[in-house]
Amino acid sequence: MLDHLIKGATVVDGTGAPSYTADVGIRDGRIAVIAPPGTVTKETGTSEDATGLVLAPGFVDPHTHYDAQLFWDPYATPSLNHGVTTVAGGNCGFTLAPLHPGRPADADYTRRMMSKVEGMSLVALEEGAPWSWSSFGEYLDALEGRIAVNAGFMVGHCALRRYVMGEDAVGGQPTPAQMDEMLALFHEAMEAGAWGLSTTQSATHSDGDGKPVASRHAGPAELLALSRAVADHEGTQIEAIVAGCLDQFSDAEIELLVAMSAEAGRPLNWNVLTIDAAVPERVPRQLIPSERARDAGGRIVALTMPILTPMNMSLGTFCALNLIPGWGEILGLPVPERIAKLRDPGVRAEMLRRAESKEAGVFRRLAHFGRYVIGDTYSTANEGLTGRVVQDIAAERGQEAFACLIEICANDQLRTVLWPMPTDNDPASWALRAETWQHEDVLLGGSDAGAHLDRMCGAPYTTRFLGDCLRGRKLVGLEQAVKMLTDDPAQLFGLRDRGRIEEGWHADLVLFDPERIDADKATLVHDLPGDSPRLDSRAIGINAVWVNGVETIREDVVTGAVPGTVLRSGRDTRTVSTK
C-alpha cells in the first residue's frame, strides 16, 4: 500500500533529462513507484491530481546559517516554503558547537559573535536556543527529531579554536599540544556527523568585540593540518572564505585554497562569486583556483546566486556599509557624533574616496548613492520620500547625491531605511551569468538564509530563479534549472539518495505551478523570539512540499510535521573524492 499518490504530474527528475508525465507514489519516506499515468494499481492512503503541475526533487541550499533558527523555527522558513528540503549549515567558520563545558562565558561570546558577524538577533539567540550542549555531537542530537528539513552542518574553525585556546583564540597561535587537541576535537566532531571544516580569513568577519574572529588568526600550517584531518572521514569536505572572495583572489589565497582541497582530497566550496559585466576580469580570476585545484588533485567550487537579492541599509545600524574600508569607525560612533561627522564635507569626500577605491572590492557597488531608493522614514521632514530615488531628490534640491542622502538620514536620526538599486542588472551581466553557470566548478547557491535577517532575504532564490527561467529571461531551460537546484548540490555534498526523483530514493519533493512559481517581495515581520524583526518572502505557485515522504508545506502554509533528518557525514553522505 502507498502512503500517497501524486497523479499525472510533469516530472522533472533532477538529472537534466526531458520531463515526462507520470504518477509518483510514496511509501515509508521513499519514492516507491514511478509509472505511466493511470497504471498504478496499489492501494493508496491519499492521492491528488497534479495535472499541469511540475513535480521536482526538493531543492538543496548549499549555504545557510540556520544553525540557531532551527531551534525556534524547525521549518527553516522561508526556505521550506520555497521548496528547499535540505540545507547545509555551519558555514563561514561559525558554529554553535563545540562549547567548552568549563567556560559558560563562551556561549555568550558565541552569541555576540553570531549577532555581529551574521546579523542574527541577539535576543533571539539568547531566548530561542537551549544552549544545552558541549560537544558537536550533542548539538546535532539537540536538533534530532525536531526539524522539518534535512540539515547537515560543517564544524566551524572559530568554535574549535575557542574551545581549545579560550580567549587566546583571538590573536594567538596554538601550541603543539593545543594543535593536537584541536585536531582531536575536530575528529570527534566528524565522527559524530559533522560534514567537515568551515573556516574564514575574510577581513569583513569580526566578533562581538569588534576583533577579527578566531580563524582569521590561523596560519597556513594550521589550516592544512585541519584539511588533512578531513581526509580521514567519509562524506566530508571543506567550506572556506578568504578576503578575495569579495572581489578577486590574491596569489597567496589561490595557493592556500588549492593546497587545502588537495591535502583533504575533498571538494572545497566558497562564496559568493559576484558576476558583473562592468568587471569582466573578476570571473576568470575567481575560477583560477578551480583550474589549479584539478591539476593538484583537488576541486574548488564557487557558489553564485542566480538572482539579485535586495539588501536594505541604514546609517544607524550595522550593515554592509560598515564594511567599506574606513567607514566602520565613523558609523560606529554614537549617533550625534556620527551625524556631525557625516555632515562634514571633508569627511564625506574621504568616505566617497574610500568607497570608490580598489581596496573596497565588491563594496564599490554600494558607492552609487544616487541610485539608492528611500525606504521607511520617521520624521515629518522626510514625509513623501518613501519609494523615491535619491538622485531625483538631490536634483530637486540642488545637492550632491551623498550629501542629500546624509541629510535625509539625519532628519530621521539615521533610522532611514535605504535600498541600493543593483548596478549589475544589465543584459551584459545576465549574459555573463548564464555563461558562468555552465562552468563545471560553479554551483548555484549562497543564500545566507538564517543570517542577516533584517537586511536581506536570499532564501527565495529557488522560486525566483525558476520563475525567471520559465517566464522571464529564460536563460536556462526548466530541466537544467531544476538540476542546478537539486542534483548538482546533492552531488557536491555526496548526499545519499537525494536530489533526484528515482524509485527507492528519499521522497523529498516539491510540486509547483510552472505558470505561477515565483517569490513575493520581502517584507519586514516581527516573529523571532523577543519580537525581533526579519525579512520574509511569501512563496507563489508552490502547491506542496514533502520531506522524507511527509507533507510539510501546503499552499505556502507549514503543516506542523517535523520529518526532517539531521544529515550526518558517512551515514547520510558519501565521499566525493577529488583524486
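The values are calculated or read from the model by the stated rules, or taken from the named source; none is laboratory data. Since we're looking at a predicted model, the values are computed, not measured. Cβ: placed from backbone, ideal geometry, glycine included. Neighbour counts: every protein chain shown. Side chains are part of the model used for accessible areas, which takes the heavy atoms of the whole protein and leaves out ligands, DNA and RNA. Shrake-Rupley method; radii C 1.70, N 1.55, O 1.52, S 1.80 Å.
Worth pointing out:
- Residue within the stretch 363-373 that is modelled with pLDDT of 95 or more and assigned to a helix (DSSP H, G or I) present: yes
- Within the stretch 288-304, the set of residues being open to solvent by less than 10 Å² (accessible area, probe 1.4 Å) and in contact (Cβ under 8 Å) with a residue 60 or more places away in the chain comprises S290, A293, G298, I300, V301, A302, L303, T304.
- Out of A262, A277, sole residue that is on the phi < 0 side of the Ramachandran plot, touching a residue at least 60 places away in the same chain (Cβ under 8 Å), more than 23 Å from the chain's Cα centre (by Cα) and surrounded by 18 or more Cβ atoms within 10 Å (Cβ to Cβ): A262
- Residue check, T110 modelled with pLDDT of 95 or more, surrounded by 24 or more Cβ atoms within 10 Å (Cβ to Cβ), in a loop (DSSP other than H, G, I, E, B) and at negative phi: no
- Just so you know, in the stretch 312-340 the residues that are out of contact with any helix residue (DSSP H, G or I) (no Cβ under 6 Å at 6 or more places or on another chain) and among the β-branched types (V, I, T) include one that is farthest from M114 (Cα to Cα), and it is V335.
- The test for being surrounded by fewer than 16 Cβ atoms within 10 Å (Cβ to Cβ) and either free of Cβ contacts under 8 Å to residues at least 12 places away in the same chain or in a helix (DSSP H, G or I) (or both) holds for R353.
- For the stretch 162-184, the condition holds for no residue, the condition being that it is closer than 28 Å to V84 by Cα, buried (at least 19 other Cβ atoms within 10 Å of the Cβ) and in contact with a helix residue (DSSP H, G or I) (Cβ under 8 Å, 6 or more places away or on another chain).
- One residue from L418, L414, L432 being open to solvent by less than 50 Å² (accessible area, probe 1.4 Å), under 30 Å from the mean Cα position of the chain (by Cα) and more than 17 Å from L342 (Cβ to Cβ): L432
- Close Cβ contacts (under 7 Å, 6 or more residues apart or on different chains) running from residues in the stretch 121-139 that are outside any helix (DSSP H, G or I) to residues that are open to solvent by 40 Å² or more (accessible area, probe 1.4 Å) comprise S121/G530; S134/P101; S135/E188.
Quick grid of which residues meet (1) open to solvent by 30 Å² or more (accessible area, probe 1.4 Å); (2) more than 17 Å from A459 (Cβ to Cβ); (3) under 29 Å from the mean Cα position of the chain (by Cα); (4) modelled with pLDDT of 95 or more:
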{"position": "I26", "(1), (2), (3), (4)": "no, yes, no, yes"}
{"position": "T51", "(1), (2), (3), (4)": "yes, yes, no, yes"}
{"position": "P57", "(1), (2), (3), (4)": "no, yes, yes, yes"}
{"position": "Y66", "(1), (2), (3), (4)": "no, no, yes, yes"}
{"position": "A88", "(1), (2), (3), (4)": "no, no, yes, yes"}
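- One residue alone among L273, L256, L268, L226 is assigned to a strand (DSSP E or B) and not hydroxyl-bearing (S, T, Y), and that residue is L268.
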